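Below you'll find the structure, written out as structure tokens, and then a few comments.
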Amino acid sequence: MTTTSATTAAIAVEEHALAHNYHPLSVVVATAEGAWVTDVDGKRYLDCLAAYSAVNFGHSNPRLIAAAKAQLDRVTLTSRAFHNDQLGPFADALATLLGKEMVLPMNTGAEAVESAIKVARAWGYRVKGVPEGRAKIIVMDGNFHGRTTTIISFSNDPEARADFGPYTPGFTSVPYGDIDAVAAAIDDDTVAVLVEPIQGEAGVVVPPAEFLPALRALATDRRVLMIADEIQSGLGRTGSTVSCDLVGVVPDLYLLGKALGGGIVPVSAVVGDASVLGVLRPGEHGSTFGGNPLAAAVGLEVVSMLSTGEFQERASVLGAHLRSSLEGLIGSGVVEVRGAGLWAGIDIDPALASGRAVCEALMERGVLAKDTHGSTIRLAPPLVVTAEELDWAVEQLRAVLASF
Ligand SMILES: *Cc1c(COP(=O)(O)O)cnc(C)c1O
């Protein structure tokens, strides 16, 4: 790989004292605006990852930066020991956006998942009447919900799990999209089903169209909470506010993160009705930074931007455009294309190249993307990208595939 001196030097500095838990591409970003980032050597790249959808509204989005700057000059952190004047408006707006009653604010996506697990268990014991210590949660094979010890306990990915046990009990994993398997796994102790409406890290895997509606009906019928992890799929990415909207499904709990912080601060949330989220009592759960006024000010602006439907519409229209250009690559090195809205999983012919090799070659041509597993790459550009930029990115992919 040819890298210029500023890039090489910056990578050497970064690698000096940094734990090796990532394997980044050899690009060192210095600045970014909209859908583009610029590296330390001044080379520009189209960002087709958008920080795993945390930057849905584009880098340095003027509205979000203005909201953050205004709040920086007022107050940034109070802890929940006191009230702050940003959190209430944020919670109200977010609950309204999703048609729910209550919001539990946290910081990272993994914390939202952990919070929902605690809420579901407490709901199971206090409302459903599950015997103490027996609560069970059903999850899906191929899931990605974060990196904490409990969350990796129900991952099927050996890389995520190996050597990190002992594992938290209380989870049963079933094949993704298999409603009969979910039905068979539910028993009297089951409190919840935790599902990604579209599996992101697994390679942008969309379940059969009838799966989520059937899961909703099954959960209601068997008195089990449906928890939708929309941390990557939500907030405009798939052409709707949350991807559950695409199939007309309303879960009991939505988990949000990533784009909720506008690419500026970590903001996550569990959103649901009082009949579920209301089980938490003071002192049972919390976070020093969760619901801080800076996060709430940015989150409020994110919600306000989503309330017009403009970003959802962009993702839908541009997504259809991207999808049809990508389908034109099938047979020319691409085996399959999946996705929804501005979110695509592209299976590269494994005989041709690994996903990593394709992403490295794309980087040389000024497109940043990320492989998921094996020979799958994912495209998730900021929703402010243009059709022309998408066409250009697909042309770079065509050229890369032709070069192998
Ligand atoms: C990224 C992600 C998480 C974890 O979020 P973090 O902020 O990295 O902790 C959880 N669920 C899904 C679906 C994700 O994509």
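Quick check on Ser275: is it more than 16 Å from the ligand (Cβ to nearest atom), assigned by TED's automatic domain parsing to the domain that holds Thr386, among the small types (Gly, Ala, Ser) and at negative phi? When the stated conditions are applied, Ser275 does not pass them. Among residues of region 127-151 being among the charged types (D, E, K, R) and in contact with an Asp or Glu (Cβ under 8 Å, 6 or more places away or on another chain), the one that is most open to solvent (accessible area, probe 1.4 Å) is Arg134.
Applying the condition of being closer than 16 Å to Leu225 by Cβ and open to solvent by 30 Å² or more (accessible area, probe 1.4 Å) to region 185-213 and asking which residue is nearest to the ligand (Cβ to nearest atom) yields Asp187. With respect to the conditions (1) open to solvent by less than 20 Å² (accessible area, probe 1.4 Å); (2) more than 16 Å from the ligand (Cβ to nearest atom), Phe154 falls short on a single one, namely (2). If we scan region 88-99, do we find a residue that is farther than 26 Å from Leu246 by Cα and aromatic (Phe, Trp, Tyr)? Scanning region 88-99 turns up no residue that is farther than 26 Å from Leu246 by Cα and aromatic (Phe, Trp, Tyr). Within region 157-184, if we keep just the residues that are away from the ligand (no atom under 16 Å from the Cβ) and in a helix (DSSP H, G or I), the residue that is farthest from Val205 (Cα to Cα) turns out to be Ala184.
From the list Ala112, Ala51, the lone residue that is hydrophobic (A, V, I, L, M, F, W, C) and in the same structural domain as Gly339 (by TED's automatic domain parsing) is Ala51.
Put simply, of Gly299, Gly291 the only residue that is open to solvent by less than 30 Å² (accessible area, probe 1.4 Å), touching a residue at least 40 places away in the same chain (Cβ under 8 Å) and not in a helix (DSSP H, G or I) is Gly291. I need the full set of residues from region 214-249 which are over 18 Å from the mean Cα position of the chain (by Cα) and open to solvent by 20 Å² or more (accessible area, probe 1.4 Å), in order please. Residues satisfying the conditions are Ala214, Arg216, Ala217, Leu218, Thr220, Asp221, Arg222, Arg223, Val247, Gly248.
Cβ separations smaller than 7 Å between residues 6+ apart or across chains give the following pairs from region 62-74 residues that are closer than 10 Å to Glu301 by Cα to residues that are among the aromatic types (Phe, Trp, Tyr) and surrounded by 14 or more Cβ atoms within 10 Å (Cβ to Cβ): Leu64/Phe57. Selection of first residues in region 214-229 that are free of Cβ contacts under 8 Å to residues at least 60 places away in the same chain and of second residues that are of a type in the set (Asp, Glu), restricted to Cβ pairs under 7 Å at least 6 apart or on distinct chains, gives the following pairs, ordered by first then second residue: Met226/Asp252. Taken together, the residues in region 340-366 that are of a type in the set (D, E, K, R) and either assigned to a helix (DSSP H, G or I) or assigned by TED's automatic domain parsing to the domain that holds Ala202 (or both) amount to 3. Among the conditions (1) out of contact with any Phe, Trp or Tyr (no Cβ under 8 Å at 6 or more places or on another chain); (2) assigned by TED's automatic domain parsing to the domain that holds Met226; (3) open to solvent by less than 20 Å² (accessible area, probe 1.4 Å), the only one that Gly283 does not satisfy is (3). The set of residues in region 94-114 being open to solvent by less than 20 Å² (accessible area, probe 1.4 Å) and assigned to a strand (DSSP E or B) consists of Pro105, Met106.
The values are calculated or read from the model by the stated rules, or taken from the named source; none is laboratory data. Given the structure is predicted, the values throughout are model-derived calculations rather than measurements. A quick note on method: Cβ atoms are made from the backbone with ideal geometry, for glycine too, and the neighbour counts reach across all protein chains shown. Side chains included, ligands, DNA and RNA excluded: accessible areas come from the protein's heavy atoms. Shrake-Rupley method; radii C 1.70, N 1.55, O 1.52, S 1.80 Å.
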